[in-house]
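Structure record follows, encoded as structure tokens.
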Amino acid sequence: MSKQIDIAALASAVCAGDRRALARAITLVESTRADHRIQAEALLEELPAARPSGTGETAGEGIRIGITGAPGVGKSTFIEAFGSHLTSLGLRLAVLAVDPSSSRTGGSILGDKTRMEELSRNPNAFIRPSPAGRSLGGVARRTREAMVLVEAAGHDVTIVETVGVGQSEYAVADMVDIFILLVAPGGGDELQGIKRGIMELADLLVVNKADGNMLEGANHAAADYRNALNLIRPKSAGWRAEVYLASALQGSGLAEIWQTVKRFQTTLAEDGGARRSRSAQARRWLWEEIQDDLRAELRSDRGSAALISEREKQVGAGTVTPTAAAREILAAFLRRDENS
Ligand code: GDP
């Protein structure tokens with residue numbers, strides 16, 4: 001990407017729905033280069049804060065849907081089918097991914113080119129795989145910014161997909177309006193493989209693969225999940241997690257799930273929950289940015305390097321406590337900053 005990038009022109013091309021400009025803009029926010037970060041921030045500043053939806057299908061702003069589930073439950077098949085249902089209603093859809101495994105292996109599971117083939121050819125769908133080679137925190141930050149960009153580009157619905165491993169569900173749940181946990185009928189004890197913490201995040205639980213000889217198992221699983229969810233305190237006062245059956249392969253259950261997403265959105269909009277949730281998310285985002293930036297400044301601060309390296313060794317050897325070392329390093333850094 002050239003240095004003389006025209007930020008205002010890029011912003012207006014993004015807002016006009018230019019897909020190539022959008023792809024370039026996302027590449028810019030994903031970049032770790034310092035000059036790119038400055039340009040990315042300028043770009044985000046240029047965008048309108050919120051965009052009213054023109055379709056009438058969504059209430060006001062675009063809706064952000066998080067989808068998680070263990071590998072193999074059918075996430076990409078489901079997003080392909082559900083996404084095609086949404087575009088058939090005249091909605092524009094963006095699919096982003098938070099895939100922490102991609103930062104470890106260098107290759108993204110969610111970015112696999114064979115996934116969502118049909119949707120990726122759909123002019124009303126925009127699919128972006130997870131940026132590789134980063135920490136989960138880094139991926140999550142950049143995905144939030146990518147979400148702002150796709151919404152500015154006129155997408156009514158943004159799906160953020162994540163694999164059901166590690167901490168990524170928490171990061172995704174904290175950047176979306178509604179969080180869907182996708183499961184598949186297993187043989188026997190359905191709940192065993194699902195962490196309770198993940199169940200607590202779910203606003204909607206979808207038992208996929210409710211078809212053929214798995215239909216009966218899916219019904220049993222749905223009953224088990226309903227019972228389990230009844231024991232969990234709801235995330236918000238106005239909504240208790242609901243359980244639905246679907247077959248991504250046959251396309252069944254999708255319309256009902258979309259109706260439920262919209263009902264969720266209007267329910268939470270009415271009691272103010274949606275606004276509260278977004279504003280709490282924005283405040284947490286602010287503190288994550290402060291934390292990450294401060295850490296990055298400290299790590300790259302030459303004047304702190306010697307002290308950090310010495311205290312790291314001592315903490316490792318157990319001769320100094322992490323708390324004392326952290327306080328000392330930070331105090332020295334801030335004092336130096338004051339004097340400079
Ligand atoms: P992901 O790893 O969660 O993204 O799962 P995939 O979408 O790749 O699906 C895993 C496997 O489950 C594939 O073989 C799909 O064809 C199959 N699958 C996905 N959805 C359904 C469904 O609704 N019914 C049935 N029978 N199979 C499904």
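The values are calculated or read from the model by the stated rules, or taken from the named source; none is laboratory data. Being a predicted model, the structure only gives us computed values, none of them experimental. Cβ coordinates were reconstructed from backbone atoms using ideal geometry, including for glycine residues, and neighbour counts include every protein chain displayed. Note: areas computed on protein heavy atoms with side chains; ligands, DNA, RNA excluded. Shrake-Rupley method; radii C 1.70, N 1.55, O 1.52, S 1.80 Å.
Some observations on this one:
- Within the stretch 258-271, if we keep just the residues that are under 19 Å from S236 (Cβ atoms) and either among the β-branched types (V, I, T) or touching a Leu at 6+ places or on another chain (Cβ under 8 Å) (or both), the residue that is surrounded by the fewest Cβ atoms within 10 Å (Cβ to Cβ) turns out to be T266.
- Any hit, the stretch 272-281, residues being open to solvent by less than 40 Å² (accessible area, probe 1.4 Å) and at pLDDT 90 or above: no
- Filter pass, A282 being assigned to a helix (DSSP H, G or I) and within 30 Å of V176 (Cβ to Cβ): yes
- Top-ranked residue of the stretch 29-59 - restricted to ones that are at pLDDT below 85 and open to solvent by less than 40 Å² (accessible area, probe 1.4 Å), ranked as farthest from the ligand (Cβ to nearest atom): S53
- For K209: the one exception among (1) in a loop (DSSP other than H, G, I, E, B); (2) of a type in the set (D, E, K, R); (3) loosely packed, with under 15 Cβ neighbours inside 10 Å: (3)
- If you check S120, S102, S130, S135 for being modelled with pLDDT under 80 and surrounded by fewer than 20 Cβ atoms within 10 Å (Cβ to Cβ), only one passes: S135.
- Residue ID - farthest from S130 (Cα to Cα), chosen from residues in the stretch 63-99 that are within 7 Å of the ligand (Cβ to nearest atom) and of a type in the set (S, T, Y): T77
- Neighbours by Cβ (under 8 Å, 6+ apart or cross-chain): first from the stretch 214-232, farther than 17 Å from G186 by Cα; second open to solvent by 40 Å² or more (accessible area, probe 1.4 Å) and of a type outside the set (A, V, I, L, M): L229/R240; I232/R196; I232/E200
- Here A221 meets the list (1) modelled with pLDDT of 85 or more; (2) among the small types (G, A, S); (3) open to solvent by 40 Å² or more (accessible area, probe 1.4 Å); (4) touching a Gly at 6+ places or on another chain (Cβ under 8 Å) almost entirely, failing just condition (3).
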